[in-house]
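The values are calculated or read from the model by the stated rules, or taken from the named source; none is laboratory data. Being a predicted model, the structure only gives us computed values, none of them experimental. Cβ atoms come from the backbone with ideal geometry, glycine included; neighbour counts cover every protein chain shown.
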Amino acid sequence: MISFKSSFVWIALVFGGLCLPLVLCDRSSNYSGDEAAFYLPAIRQIRANWPALDLRRDCLSATAPGYPYLLATLSLATGTNLLPLRLATFAVSLALLWLLWRCFPVRQRSVAIAALLVLACSNFYVKSASWVVTDNAALLGMTGTLVCILLVGNPCASRWAGVLAATTTFTRQNYVWLAVPAAERMRRDLAARPGPIVWLQTGFALAPVAVFGILITAWSDVVPPAWREVHNQAGGNLAAPLAYALAVIGCLGGFFYAAVSWDDRRTDFLSRWVWIGAGLGLAISVAGPTFASAPAGRWGGYLWLLAERLPTPAGRSIVFLILTPIGGAVVGALLRRLYAEVGAATAASWSWTCAFWGLSQFPNRQVFHRYYEPAIVIFLIFWVLLILRSRPLDSTPRCLPLGMLAVGQFVLTLIVVHYQVFFGRLLP
């Protein structure tokens with residue numbers, strides 16, 4: 001019999017407690033603005049012509065129409081009232097948490113609760129679960145793809161990885177990067193079992209590229225026509241996305257490392273991996289402007305709020321001059337520990353998956369925190385999973401670091417989301 005203490009119910013209760021008041025709320029926010037301006041009209045427009053889909057006319061947001069089409073299909077049964085559509089988005093978000101929960105070894109459910117609460121309590125994940133937007137639906141597709149690539153040994157998993165990657169690309173087109181780790185997993189499967197039909201296997205791996213090709217052919221760009229001018233504005237820089245991603249890892253990654261590898265900290269943090277990571281992080285932090293600037297897309301999130309208030313010598317915010325090298329050092333420690341425990345092939349798969357996700361941020365000139373934190377937390381959870389699955393079942397990770405981080409996430413969400421929605425704006 002599974003005890004209540006070790007069950008998924010804890011996560012569902014906390015997540016539901018954070019999301020459902022927002023789901024039921026009719027007050028406005030930045031997310032409800034996107035919902036009202038782009039996603040609900042797209043759902044109703046697609047529903048009116050269902051099952052037909054016009055890739056040019058029906059894409060009202062900057063993203064692919066897969067999720068609005070799914071909700072439009074659902075609305076044939078529920079109607080176009082807002083509540084069922086929000087509840088469906090909440091259910092999709094809860095399904096992601098459940099999928100990750102199922103990947104943890106049964107004897108490690110305590111650390112699973114702590115790790116998943118970090119994601120479940122994230123301000124950005126909660127908001128994307130409470131209003132009708134596509135962020136969490138794409139993250140669910142990404143997570144399912146990575147489960148097939150990183151955790152499932154069955155050769156059929158590589159085919160599912162291609163299918164899920166294609167579906168995710170049809171949800172948000174910038175997830176076409178999933179084709180690379182899916183193709184690499186397919187290559188490894190073919191090398192181990194040369195029997196399957198090569199062209200058929202390759203077709204599964206390249207399915208995301210085919211979906212992306214259909215979209216850009218219809219749009220004549222990487223975004224729908226209505227968003228072309230916004231997307232193609234000048235003023236972005238390649239350093240800001242990498243600097244921001246490493247800064248977020250610098251804030252969060254140490255908690256995940258401490259949970260499962262605290263005893264190895266001296267070995268890992270004194271290694272050349274860490275010094276190289278820190279050096280690269282420092283180089284990235286000075287490679288381009290990192291001061292807050294809405295016209296340049298550098299706004300929207302905790303770190304940009306800090307950057308607005310702290311010094312920016314030569315246009316380089318002190319926030320990133322500090323946090324980005326720390327993030328590089330943490331990445332070095334994570335990689336060293338992963339290669340030491342799970343083997344080069346699996347560690348390389350995780351490494352390149354994270355790297356290609358990072359590269360996929362370059363075309364998006366909007367460096368919003370919401371595009372970084374949830375995905376990074378999911379990558380860190382996969383890192384924990386790979387480490388735990390390589391160790392004896394009786395190993396005892398520390399739940400306290402992740403528990404502390406989850407509490408911090410919970411408090412921030414209450415302040416940043418709930419207080420502002422129900423009581424008025426707190427932050428400028």
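Give Ala114, Ala88, Ala64 a once-over and let me know the one that is over 26 Å from Gln173 (Cα atoms) and either assigned to a helix (DSSP H, G or I) or touching a residue at least 24 places away in the same chain (Cβ under 8 Å) (or both).
On the way: Ala88 fails: over 26 Å from Gln173 (Cα atoms); Ala64 fails: over 26 Å from Gln173 (Cα atoms).
Among Ala114, Ala88, Ala64, only Ala114 is over 26 Å from Gln173 (Cα atoms) and either assigned to a helix (DSSP H, G or I) or touching a residue at least 24 places away in the same chain (Cβ under 8 Å) (or both).
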Quiz prompt | Residue tally, condition within 10 Å of Ala243 (Cα to Cα) and part of a helix (DSSP H, G or I), over region 288-318 | solution = 0
Quiz item: From the list Arg316, Arg265, Arg336, which one is closer than 23 Å to Ile378 by Cα, crowded, with 19+ Cβ neighbours inside 10 Å and among the basic types (Lys, Arg)?
Solution: Arg336
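A quick yes/no check of all residues on (1) farther than 20 Å from Cys59 by Cα; (2) crowded, with 21+ Cβ neighbours inside 10 Å; (3) in contact (Cβ under 8 Å) with a residue 24 or more places away in the chain; (4) hydrophobic (A, V, I, L, M, F, W, C):
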{"residue": "Asn154", "(1), (2), (3), (4)": "yes, no, no, no"}
{"residue": "Leu164", "(1), (2), (3), (4)": "yes, yes, no, yes"}
{"residue": "Arg172", "(1), (2), (3), (4)": "no, yes, yes, no"}
{"residue": "Val209", "(1), (2), (3), (4)": "no, no, yes, yes"}
Quiz item: If you scan region 291-313, which residues turn out to be under 23 Å from the mean Cα position of the chain (by Cα) and either at pLDDT below 95 or farther than 24 Å from His231 by Cβ (or both)?
Solution: Ala292, Ala294, Ala296, Gly297, Arg298, Trp299, Gly300, Gly301, Tyr302, Leu305, Leu306
Exercise. Looking for whichever is surrounded by 24 or more Cβ atoms within 10 Å (Cβ to Cβ), part of a helix (DSSP H, G or I), at pLDDT 95 or above and in contact with a Ser or Thr (Cβ under 6 Å, 6 or more places away or on another chain) here; the options are Ala138, Ala72. Which one fits?
Key: Ala138
Quiz item: Identify, please: which residue in region 339-369 is touching a Gly at 6+ places or on another chain (Cβ under 8 Å) and crowded, with 18+ Cβ neighbours inside 10 Å and is, among those, modelled with the lowest pLDDT?
Solution: Arg365
Quiz item: Does Thr80 fit the bill of being in contact with a helix residue (DSSP H, G or I) (Cβ under 9 Å, 6 or more places away or on another chain), farther than 24 Å from Asp221 by Cα, hydroxyl-bearing (Ser, Thr, Tyr) and crowded, with 23+ Cβ neighbours inside 10 Å?
Solution: no
Quiz item: What single numbered condition from (1) out of contact with any Gly (no Cβ under 9 Å at 6 or more places or on another chain); (2) free of Cβ contacts under 8 Å to residues at least 24 places away in the same chain fails to hold for Pro105?
Solution: (2)
Exercise. Collect the residues in region 211-266 that are without any contact (Cβ under 8 Å) to a residue 60 or more places away in the chain and closer than 22 Å to Gly315 by Cβ, keeping them in residue-number order.
Key: Ala234, Asn237, Ala239
Practice problem: Could you grab the pairs with beta carbons closer than 9 Å, sequence gap of 6+ or different chains, first residue in region 293-314 and farther than 22 Å from Val417 by Cα, second one charged (D, E, K, R)? | Solution: Ala296/Arg365
Exercise. Starting from region 194-207, take each residue that is farther than 20 Å from Leu164 by Cβ and list its partners that are modelled with pLDDT of 75 or more and small (Gly, Ala, Ser), counting only C-beta distances under 9 angstrom and pairs at least six apart or across chains.
Key: none
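On the basis of being under 21 Å from Ala406 (Cα atoms), among the charged types (D, E, K, R) and out of contact with any Cys (no Cβ under 6 Å at 6 or more places or on another chain), does Arg159 make the cut?
Values: under 21 Å from Ala406 (Cα atoms): no; among the charged types (D, E, K, R): yes; out of contact with any Cys (no Cβ under 6 Å at 6 or more places or on another chain): yes.
No, not satisfied.
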Self-check item: Tabulated pairs, region 275-289, first among the acidic types (Asp, Glu), second at pLDDT 95 or above, C-beta under 9 angstrom, 6+ apart or interchain
Solution: none
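So which helices (runs of 4 or more DSSP H) stay within region 346-423 end to end and still have 2 or more residues that are over 14 Å from Phe124 (Cβ atoms) and under 14 Å from the mean Cα position of the chain (by Cα)?
On the way: elements: 373-390, 400-413, 420-423.
Passing ranges, in order: 373-390.
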Quiz item: Going through region 375-428 one residue at a time, which ones are loosely packed, with under 14 Cβ neighbours inside 10 Å and basic (Lys, Arg)?
Solution: Arg425
Quiz item: Of all residues in region 166-216 being part of a helix (DSSP H, G or I) and either of a type in the set (Lys, Arg) or in contact with a strand residue (DSSP E or B) (Cβ under 9 Å, 6 or more places away or on another chain) (or both), which is farthest from Pro65 (Cα to Cα)?
Solution: Arg188
Quiz item: Taking region 25-57 on its own, how many of its residues are at pLDDT 95 or above and either under 14 Å from Val126 (Cβ atoms) or of a type in the set (Asp, Glu) (or both)?
Solution: 1
Self-check item: Conditions (1) under 30 Å from Leu215 (Cα atoms); (2) among the aliphatic types (A, V, I, L, M); (3) out of contact with any Ser or Thr (no Cβ under 7 Å at 6 or more places or on another chain); number of the one not met by Leu96
Solution: (3)
